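Read through the structure below, which is laid out as structure tokens, and then see the notes.
The values are calculated or read from the model by the stated rules, or taken from the named source; none is laboratory data. Please read all numbers here as calculations on a predicted model, not as lab measurements. Heads up, the Cβs are rebuilt from the backbone with ideal geometry, glycines too, and the neighbour counts pull from every protein chain shown. The area values use the complete protein model at the heavy-atom level, side chains included, leaving out ligands, DNA and RNA. Shrake-Rupley method; radii C 1.70, N 1.55, O 1.52, S 1.80 Å.
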Amino acid sequence: MQSDRVKARILIVEDESIVAFDLSSRLEAMGFKVIGIASNGVTAIEIAKKELPDMVLMDIMLGGEIDGIETAKKINESNFIPVIYLTAYSDPGTLERAKLSEPFGYILKPFEEQELRSTIEMALYKYTIEKKLKESEERYRIIAEQTGQLVYEYDIESGKIYWTGAIYDVTGYTFEEYKDKDITAWENSIHPDDREKT
């Protein structure tokens, strides 16, 4: 049980009312706080914006205008809220599409109570770590921009380069001009108008 700490606030998005209320009862018995049940994506987005839950348990195959995957994407456009998918559909196509929305886990229906609890606990832990990391990166970005120096970070996996706001002051290039350049080549590191000054 979670009596020794603040209860995690969970939004359930499930279009089968019997499943939703059973899930709600289980979660409350485990010590979580269910802040709402939505039967479609539009309602889920509204509740998430208003209540800012700690987590969303999302059925992938929702009835209505948008499915669970699209709903999860829209929720995370405005707020960083972890989503765990609940689904009876484990086909590769559905799971591949769901992966792109970067969920914090999957639970296949029908699920066991212990599986439900452990998946939620692990997702909440991962979310806490990622949130702290994002806050740390934001502090680092602000400090780096205030130094007036050119600082960048290269992501080996994605190949993306992240720059500070000082890029124009140092190179003479705007971010848009500089982002596709090969930074290992000296002639690309300084704007042509400024090369004679070096």
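Some notes on this structure:
- Number of positions in the stretch 46-55 that are in contact with a helix residue (DSSP H, G or I) (Cβ under 7 Å, 6 or more places away or on another chain) and assigned to a helix (DSSP H, G or I): 2
- Just one of the listed residues (THR94, THR43) is under 17 Å from LEU108 (Cβ atoms), of a type in the set (Val, Ile, Thr), open to solvent by 10 Å² or more (accessible area, probe 1.4 Å) and not in a strand (DSSP E or B), and it is THR94.
- Cβ pairs under 9 Å, 6+ apart, first in the stretch 14-42 and over 22 Å from LEU124 (Cα atoms) and polar (S, T, N, Q), second part of a helix (DSSP H, G or I) and open to solvent by 40 Å² or more (accessible area, probe 1.4 Å): SER39/SER17
- Residue list for the stretch 109-132, restricted to those being in contact with a Lys or Arg (Cβ under 8 Å, 6 or more places away or on another chain) and farther than 16 Å from TYR85 by Cβ: GLU113
- Restricting the stretch 13-40 to residues that are part of a helix (DSSP H, G or I) and open to solvent by less than 40 Å² (accessible area, probe 1.4 Å), the residue that is farthest from PRO110 (Cα to Cα): MET30
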